[in-house]
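Colleague: Handing you a structure now.
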Amino acid sequence: MSIKGVLFDLDGTLVDTAPDLVQVLNRLLATRNLPPYPFAIARNEVSNGALGLIRLGFQQEASESEIENLRQEFLKLYTQNPCEKSKLFSGLDKVLIHLSEQSIPWGIVTNKPHAMTEPLLKRLGLLSQAGCVVSGDRIAKRKPHPAPVLLGAKELGIPSKNCVYVGDAPRDIEAGRAAGMPTIAASYGYIRAQNNPESWGASIVIRQPSELSNALLNLNANYNFS
């Protein structure tokens, strides 16, 4: 097989973390006597992290300095319990088992800080399975720069051209492509209404997590790995 390793973005790609993150946002809003933000809308901002959620929830209610204070408060609350409702996206457990059976290592490359990434993965039983975990504060560069995904491939011991990067945001696809990897856009993830994953330049776009195994087979059959 030409695919020798698979790298995943975390939030919105491998793990559905939106329930916990939106819950923290709404806790903050409640402390300011503001109404909760609708989950269906806030969910699609999760890929933009704490700052994106804060800006969405508070909009014109806070100054830039207040937004930074809210961000710090958000991170403190979330770090205390990053995995109350978060879970692996349905169907990806079977994909990870299949990769293991095929002796294809997989890892995680995320912009999420280490202090939040590791406890989440431990709670879900994924930390011991992952061949590498590159969090957002491990190196100076973050996605869309290719450095984090190149480090992920290096830690898997796989040439970058034989790794696939799977993500749910334009920066994921940009990083993977810049690293010389085939890419898969996960349109089931946290996609803003105005974003179109078909326009990101990914090798393949999938609409359900269960489509990932077939997407990998498709890449093996049709992608030029040279």
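Colleague: Give the calculated FRET efficiency between Glu101 and Gln72 to the nearest 0.05, with a Förster radius of 30 Å applied to their Cβ-Cβ distance.
Modeller: 0.10
Colleague: Mean separation of Cα pairs under 8 Å and 6+ residues apart, divided by the residue count of the chain: what relative contact order is that in percent? Provide the component values of the computation, followed by the final result.
Modeller: Values: 393 pairs, mean separation 54.8, N = 226.
After rounding, I find 24 percent.
Colleague: Hey, rough spin-label estimate for Glu118 and Arg207, points 7 angstrom out along Cα→Cβ, what's it come to in nanometres?
Modeller: Taking the two extended label points, one gets 4.1 nm.
Colleague: Can you show me the helix-derived [θ] at 222 nm for the chain, built from DSSP H runs with n ≥ 4 at -39,500 (n - 2.57) apiece and divided by the number of residues, rounded to the nearest 500.
Modeller: On the way: 9 runs with 96 residues, N = 226.
Result for the chain, helices only: -12500 deg cm²/dmol.
Colleague: Over what distance in Å are the Cα centres of the stretch 1-26 and the stretch 86-144 separated?
Modeller: 8
Colleague: Could I ask something else about it? Which distance in nm do the two modelled labels at Leu34 and Leu88 give, with both placed 7 Å along the Cα-to-Cβ direction?
Modeller: 3.6
Colleague: If DNA, RNA and ligands are ignored and the probe is 1.4 Å, what is the ranking of Tyr188, Tyr78 by accessible area, most exposed first?
Modeller: So the residues, ranked largest to smallest area, are Tyr188, Tyr78.
Colleague: Using Stokes-Einstein with the Kirkwood hydrodynamic radius over Cα pairs, what translational diffusion coefficient do you get for the chain at 25 °C and a viscosity of 0.890 mPa s, in µm²/s rounded to a whole number? Don't jump to the answer; show the numbers that get you there.
Modeller: On the way: Rh = 17.8 Å.
Here the translational diffusion coefficient equals 138 µm²/s.
Colleague: Mind checking which aspartates and glutamates have their C-alpha under 14 Å from Lys4, skipping anything on the same chain fewer than 8 residues away?
Modeller: Excluding near neighbours in sequence, the set is Glu101, Glu155.
Colleague: Something else about it: Could you work out what % of the accessible surface of the chain is carbon and sulfur, using a 1.4 angstrom probe and leaving DNA, RNA and ligands out of the count?
Modeller: The C+S portion of the solvent-accessible surface of the chain is 49 percent.
Colleague: So which trypsin sites (Lys or Arg not before Pro) in the stretch 122-159 pass both tests, a DSSP loop state and at most 15 other Cβ atoms within 10 Å of the Cβ?
Modeller: Filter output for the stretch 122-159: Lys141.
Colleague: While we're on this one: Give me the lysines in straight-line cross-link reach of Lys76: C-alpha distance below 22 Å, same-chain residues under 8 apart excluded.
Modeller: Filter leaves Lys85, Lys87, Lys112, Lys122.
Colleague: Additional query: Could you provide, to the nearest whole Å², the per residue accessible area of the chain with probe 1.4 Å?
Modeller: 46
Colleague: To continue, here is another question. Rounded to the nearest 10 Å², what accessible area does Ile41 show when all protein chains are kept and the probe is 1.4 Å?
Modeller: 90
Colleague: Stretched out fully, how many nm does the piece from Asn195 to Leu217 gain, at 0.36 nm a residue minus the Cα gap?
Modeller: 5.3 nm
Colleague: Could you tell me which of Leu88, Ser103, His114 has its Cα farthest along the dipole of the stretch 75-117 towards the positive end, charges placed at Cβ (Lys, Arg +1; Asp, Glu -1), taken about the Cα centre?
Modeller: Of the options given, the answer is His114.
Colleague: How are the C-alpha pair distances of the stretch 134-216 spread across 5 Å bins, as whole percents from the shortest bin up?
Modeller: 3, 17, 26, 24, 19, 10, 2, 0
Colleague: How would you order 189-195, 51-57 from highest to lowest mean count of nearby Cβ atoms within 10 Å?
Modeller: With the highest mean Cβ count within 10 Å placed first, the list reads 51-57, 189-195.
Colleague: Mind checking the stretch 47-148 for GluC sites (Glu not before Pro) that DSSP puts in a loop (not H, G, I, E or B) and that have at most 13 other Cβ atoms within 10 Å?
Modeller: Glu84
Colleague: Among Ala18, Ala62, Ala175, which one moves the most in a GNM of the chain with springs linking Cα atoms closer than 10 Å?
Modeller: Ala62
The values are calculated or read from the model by the stated rules, or taken from the named source; none is laboratory data. This is a predicted model, so every value here is computed, not measured. Please note: Cβ atoms are built from the backbone with ideal geometry, for glycine as well, and neighbour counts cover all protein chains shown. Calculation scope for accessible area: heavy atoms of the full protein, side chains included, ligands and nucleic acids excluded. Shrake-Rupley method; radii C 1.70, N 1.55, O 1.52, S 1.80 Å.
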